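Let me begin by presenting the structure, written as structure tokens, before commenting on it.
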Amino acid sequence: MMMLVAAGMLAAAEPQANTPPLTRAALQTELTEARAEIAAQRKQLDAQEARLRALEDRMASAGPVSSPAPPPALAQATLGGAPGGDPAALQQSALQPPLERVGERPADRDRPPEVAVLGSEGSVVTRKGQLTGEIQLDYARADRNRALFRGIEIVESVLVGEFNINESRQDIFTGSLAARYGVTDKLEIGARVPFVHRADSSVLVPVQGSTSNDTAREIDSAATGTGVGDVEISARYQLAAAHGGLPFLVGNLQVVAPTGSDPFGVPRNANGEALKAATGSGFWGVSPSITAILPSDPAVLFGTIGYTHNFGKAVDTVISPVRLTYVKPGDSVSFSAGIGISLNERTSFNLGYAQTWAFGTRTKTMLLSPGPTDPTGEIEQTARDLQLGRFLFGVTYRATDRASINWSVEVGATDDAPDVRTVLRLPLVLLTPR
């Protein structure tokens, strides 16, 4: 019995001891394939780990961020876990874009920030192939009171001669449409067409006598005018980008065409007083300027210096007691400077000061009825220079990637400057390059 059991056990074990050679080769092939697959997965994990390190370096250079915990497969690959994870899931997780701080727009180092108080001169140069439209609403108010005395002052408050009180008011409402097109990434051209409503009023009170109570003869005149104003054509070129502590430099050239109604062509009464207010200047003008913008996060320093040349022309206008034959508006030199502070990535406000030195206007006149001792030919005169100083305040809000809102206010700081001027600009990207 024992011998039969031993013989049975020996017979059962014999096939395992004598395994056929073909089965062993198949096992060896399967083992080789498994090792190759493991090696390939290890190579994939090494590549994904290098990718993760590169992404971590990019996020570290962008500043500290709060990111969600990585997926398990990603954490396993980063921590060098077992290679049994899903390679496809690891690859999909590693190929996700890097995280960015919420609410922060990537900075464009090649383009200056926008400054509201500089108007179109302070806007970003339009990119090549991009068309930007703009709606602008403008209101200006000038109120001047002057007391003129021609005579002799004997003692305080005792005047012998002529005393005139002159009060004038001017309100100008302007709505305009503008367009800017990027010829290249550094050069843009543009045009602006304004529609003007202007209301002028003046009161002249001449008082004759000294201490007597003479009746004042008041001269009150008013005129309004509505129509197209002077069209502006402009070109802007970015001369340099900010680097090494140097600012952005933008060159500007503006040409004003006298498309509005001419102040020397409006109807007048017998005394030469205008019956209708002009909507234009009546003269061609060319204004080159250069703007510097220096970002210093979160502030922006800016400044502009420019020169305006006005072209004179012959006229034939009677303003009693003379006839105007030639008028040449004075040229002007202007500069402005200030600072802009960013409140967040969409909103900023600007503070600044602007000064314009306008040289005197040159005119040629002839007396209508010259006396025996009066000159009979043309008389050339030059008016006094004007100093126009303004305090500037502005706010810029980027509503969307295509639209922004710019509001600026100018307050007169000198007697010659308008009392107040406020401008609302609404730029909108109409066409983007493909």
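The values are calculated or read from the model by the stated rules, or taken from the named source; none is laboratory data. Fair warning: this is a prediction, and the values are worked out from it, not measured in the lab. Neighbour counts are summed over all protein chains in view; Cβ atoms, including those assigned to glycine, are modelled from backbone coordinates with ideal geometry.
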Could you figure out which of (1) at pLDDT 90 or above; (2) among the acidic types (D, E); (3) within 20 Å of V315 (Cβ to Cβ) isn't true of D385? (3)
Name the strands (runs of 3 or more DSSP E) wholly within the stretch 338-430 that hold at least 2 residues that are within 22 Å of D138 (Cα to Cα) and within 13 Å of the chain's Cα centre (by Cα)? 347-358, 386-397, 405-412
Matching option when the condition is under 25 Å from K276 (Cβ atoms), at pLDDT below 95 and within 48 Å of the chain's Cα centre (by Cα), among S221, S176: S221
Has the stretch 127-138 got any residue that is modelled with pLDDT under 75 and in the same structural domain as V395 (by TED's automatic domain parsing)? no
In the stretch 337-361, which residues are charged (D, E, K, R) and touching a Gly at 6+ places or on another chain (Cβ under 7 Å)? E345
